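Just below is one structure, and these are the notes that go with it.
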Amino acid sequence: MSAEVNEVVNTLAEPIEARWREKQPFLASKSYMLRPRFHPDWEPSWNGVDKDKAECEDSISLPLREDVIDARRMSDDKPVYIKRVETDDNETRIACMLSSEGCRNDPRNHAVPILDHFEDDVNPSVSYLVMPLLRAVDDPPFETVEDIADFCGQILEGLAFQYEKGVAHRDCSYRNIMMDAMGLYPHGYHPVNNNMLPDGITPATPLSRSAHRESIRYYFIDFGISIVMPPMAKAKAKPRMVKGHDGRDRDPPELHSDDPYDPFKLDMFIVGNLFRQTLLEKYSNIEFLLPLVSTMTQDDPASRPNAAQALQQWRSIQGELWKAQLRRELTSRGAPEGSQPGLSHSAYRLGRVVFTKSWAWFQRMFVL
């Protein structure tokens, strides 16, 4: 990032950060500590000292999102995200319902856990949701076929659970399904520069994903346009219908029509499309996913399975996979025949170290 671009980003982020600085004492009273940059009395640590700005953690600004900030829970130093929401809005009601006592201990539940929820100290129309720190589902990248199988199983299991509770997500695309990968980072990672340790400077090297698969859990996040409808009591009951064109994934046909549609079948298409774009289009030795993805992404919503049927179909496919097949490293599409399959863990680690060291040098040379 050039010095000019860096200054533009900082300028855009400043009013966002100023609002969070005002809330720092209140959030601390709730036992959540923001990074030093977001304290009301913050002074840049590089001022007046012989130290590069790029070597200081407090030079790292927030992403340009007004409603989310990272923090640490003071009781146990756990890294979290805090999201500002409208009090008792749709997202709050659904997310808190799926984190209620009757749901949170169900292992099939893959809705993001709401660790805490409280109103603003000044404006009762504003509240805050506290959630664990998560990262993209493919960072670090999948390594083996079994990594893919675990991912698909968890997502379909979570979708079926939400279906049982009458929840249609309606926007469960790549950016709204995330991963708790803390088990891969024994020393943690920075919430913004997540290829670095919490100090924001030292490269964070993850453990092998395939060797620590059991520590990984995937979650649905952002229930902003989700809807709750009572589960259908009878198999032949009429589909529950909604209207609307919102959503990140623009491929579902029903989002290009003004006609009512079944939001649960929309979820089927979106998740199937996620599997296609994130997995099938990247790796060539997971063709076993094709029948499932094909049924989930039918143009006619009535031809798609419901979540329970998709999960059952997946389990049938999974039962046909051999252990030797599951242990195979992934083969990237377009890789020359006979080449090393996929991106090995060692190659990924080396690439991250080279990139982060180069980036640190670049910042020292060119960032103001």
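The values are calculated or read from the model by the stated rules, or taken from the named source; none is laboratory data. Predicted model, so just to flag it, every value in this text is computed and none were measured. Counting neighbours? That spans all protein chains shown, and the Cβs are built from the backbone with ideal geometry, glycine included. The accessibility values were calculated without ligands, DNA or RNA, using every heavy atom of the protein model including side chains. Shrake-Rupley method; radii C 1.70, N 1.55, O 1.52, S 1.80 Å.
Within segment 164-194, work out how many residues are assigned to a helix (DSSP H, G or I) and surrounded by 21 or more Cβ atoms within 10 Å (Cβ to Cβ).
2
Kindly indicate whether P44 is in contact with a Cys (Cβ under 9 Å, 6 or more places away or on another chain), over 27 Å from M182 (Cβ atoms) and either in a loop (DSSP other than H, G, I, E, B) or without any contact (Cβ under 8 Å) to a residue 24 or more places away in the chain (or both).
yes
Looking at (1) open to solvent by less than 30 Å² (accessible area, probe 1.4 Å); (2) modelled with pLDDT of 90 or more; (3) among the polar types (S, T, N, Q), find the lone condition where Q298 falls short.
(1)
Please work out which residue is farthest from R35 (Cα to Cα), limiting yourself to segment 202-226 and to residues that are hydrophobic (A, V, I, L, M, F, W, C) and touching a His at 6+ places or on another chain (Cβ under 9 Å).
The residue in question is A211.
For C103, only one of the following conditions fails: (1) open to solvent by 20 Å² or more (accessible area, probe 1.4 Å); (2) more than 17 Å from the chain's Cα centre (by Cα); (3) of a type outside the set (V, I, T). What is its number?
Checking C103 against (1) open to solvent by 20 Å² or more (accessible area, probe 1.4 Å); (2) more than 17 Å from the chain's Cα centre (by Cα); (3) of a type outside the set (V, I, T), the one that fails is (1).
Which numbered condition trips up W20, out of (1) outside any helix (DSSP H, G or I); (2) open to solvent by less than 50 Å² (accessible area, probe 1.4 Å); (3) out of contact with any Gly (no Cβ under 8 Å at 6 or more places or on another chain)?
(1)
Filter segment 195-214 for residues that are under 16 Å from the mean Cα position of the chain (by Cα) and open to solvent by 40 Å² or more (accessible area, probe 1.4 Å) and give the result.
none
Taking segment 328-358 as the region of interest, how many residues are open to solvent by 70 Å² or more (accessible area, probe 1.4 Å) and modelled with pLDDT under 95?
Result for segment 328-358: 13.
Which residues, counting only those in segment 44-93, are of a type in the set (D, E) and open to solvent by 30 Å² or more (accessible area, probe 1.4 Å)?
Correct list: D50, D52, E55, E57, E66, D67, D76, D77, E86, D88, D89.
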